[in-house]
Amino acid sequence: METLHNLAFGFEHALTLHNLMYCAIGCVVGTVVGLLPGLGPLATISLLLPLTYSIDTTSALIMLAGIYYGAQYGDSVSAITMKIPHASSIVACIDGYSMTLKGKTGLALFTAGISSFIGGTVAIVVLAWLAPVLGEVALLFGPADYCALMLFGFVCVSFVTTGSLLNGFAMCMVGVLLGMIGTDVNSGVQRYTMDLPSLADGVSLVSIALGMFG
């Protein structure tokens, strides 16, 4: 009941005309900027953050959320129409661009927008409902639990891949090795970067996707 009360309280403040206007502005601006290749949602928010300094805190957060989700949809538009995906729109690029080549661009964009809205709405409600419980469970995890969870993920990925089970497990290990490139979050030591500044933050998922599917 407390979660429902908090959701109702949040909707009461968010669904005012003033805040809906800022949400619409954020969605439009985020979508336009998200169309630009190379700019993701986080980069868009970072660039437009100074615009929120002079408005109310609640309205600023709603506007930033609109910018984020608008940029996410803008990423899908560039991926579907120009085959230039960001990290969150790689799957949309695979199926959406093939639909564009068949002359079904409008259907692909409509499907991406509706699925993004439904998925985002359901995910936010479920997260608000389960976040306190999941937070308590996560604090109980130790090193052995994290290791078991990682092994479970490897097994799941190996089984869902088509073809040989050994090939699926080998691709998991390749992913682990690629993920080790970059700066260690605990010690700050660079691993396997070969003194290249571009690898200090690790290998970009977008670069890998473009190299494999581009």
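The values are calculated or read from the model by the stated rules, or taken from the named source; none is laboratory data. The shown structure was predicted, so the numbers you read here are calculated from the model rather than taken from an experiment. Glycine also receives a Cβ, built like all others from the backbone with ideal geometry; neighbour counts cover every protein chain displayed.
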Legend entry - Test: residue 186 is surrounded by fewer than 13 Cβ atoms within 10 Å (Cβ to Cβ), at pLDDT below 85 and touching a helix residue (DSSP H, G or I) at 6+ places or on another chain (Cβ under 9 Å): no
Inset, instruction - Pick out, from the stretch 55-160, the helices (runs of 4 or more DSSP H) lying fully within it that include 2 or more residues that are at pLDDT 80 or above and closer than 30 Å to residue 10 by Cα. - result: 57-82, 105-139
Inset, instruction - Select from the stretch 8-35 the residues that are exposed (fewer than 15 other Cβ atoms within 10 Å of the Cβ) and of a type outside the set (Val, Ile, Thr) and list them in ascending order. - result: 8, 9, 10, 11, 12, 13, 15, 17, 18, 20, 21, 24
Legend entry - Subset tally (residues that are loosely packed, with under 13 Cβ neighbours inside 10 Å and over 27 Å from residue 199 (Cβ atoms)) for the stretch 152-183: 9
Inset, instruction - Consider only pairs whose beta carbons are under 7 Å apart and that are at least six residues apart or on different chains; among these, list those whose first residue lies in the stretch 120-146 and is of a type in the set (A, V, I, L, M, F, W, C) and whose second residue is surrounded by 11 or more Cβ atoms within 10 Å (Cβ to Cβ) and not in a loop (DSSP other than H, G, I, E, B). - result: 128/3; 128/7; 129/3
Inset, instruction - Sort through 44, 52 and tell me the only one that's surrounded by 19 or more Cβ atoms within 10 Å (Cβ to Cβ) and in contact with a Gly (Cβ under 7 Å, 6 or more places away or on another chain). - result: 44
Inset, instruction - Determine whether the stretch 201-213 contains at least one residue that is over 30 Å from residue 77 (Cα atoms) and either of a type in the set (Phe, Trp, Tyr) or surrounded by 13 or more Cβ atoms within 10 Å (Cβ to Cβ) (or both). - result: no
